[in-house]
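K.L.:
Dumping the structure here so I can ask a few things about it.
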Amino acid sequence: MVRNNIILVLMFLSSLFAANVQAEGDATRGQELAEYCVDCHGDDGLGDEDIPPIAGMEAAGLRKELMDFKSGARVDEYEMMVETAADLSEQDITDLAAYFSTLPGK
Ligand code: HEC
């Protein structure tokens, strides 16, 4: 009984820790993943006339847009982002959001 409770407490603590890591995102890992994004969005993430800027967006907003592309709640005309987001895990998206939110925006 005591042993079960200890296990439950440990599970609870580790879930808190996991949620925490995920909410913040790892900008360093995000930067590595971003190599692919900058092909379209530009090295500085500021985009061009056809591609919207993503640098300097708030992490939570960036994350939401990417999750929406992934879930199909948002569909772009040429499905560039739908296809891109389909290959990203939730952790990838969180890390990418952390990275692009640290770049200076327009
Ligand atoms: C093949 C080109 C291409 C690649 C690669 C690409 N994007 Fe995009 N991205 C676009 C286009 C085009 C749009 C505009 C979509 C629309 O019209 O709604 C867009 C839109 C977005 C938006 C929404 C911006 C807003 O203002 O709502 C975010 C966020 C985004 N991209 C992030 C990323 C991230 C992160 C990556 C790398 C994993 C990435 N993109 C890779 C072309 C690309």
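K.L.:
Within the stretch 70-106, which residues are outside any helix (DSSP H, G or I), within 11 Å of the ligand (Cβ to nearest atom) and either basic (Lys, Arg) or at positive phi (or both)?
P.N.:
74, 79
K.L.:
If a residue must be loosely packed, with under 15 Cβ neighbours inside 10 Å, touching a residue at least 24 places away in the same chain (Cβ under 8 Å) and not aliphatic (A, V, I, L, M), how many such residues does the stretch 68-90 contain?
P.N.:
Adding up the residues that qualify gives 1.
K.L.:
Do we have residue 67 as in a helix (DSSP H, G or I) and more than 9 Å from the ligand (Cβ to nearest atom) here?
P.N.:
It is true that residue 67 is in a helix (DSSP H, G or I) and more than 9 Å from the ligand (Cβ to nearest atom).
K.L.:
When only residues in the stretch 47-64 that are surrounded by 18 or more Cβ atoms within 10 Å (Cβ to Cβ) and part of a helix (DSSP H, G or I) count, which is farthest from the ligand (Cβ to nearest atom)?
P.N.:
Among those residues, the one meeting the criterion is 59.
None of the figures in this text is laboratory data; all of them are computed from the coordinates on show. Small disclaimer: the values here were computed from a predicted structure and weren't measured. So basically every Cβ, Gly included, is an ideal-geometry build from the backbone, and we count neighbours across all protein chains shown.
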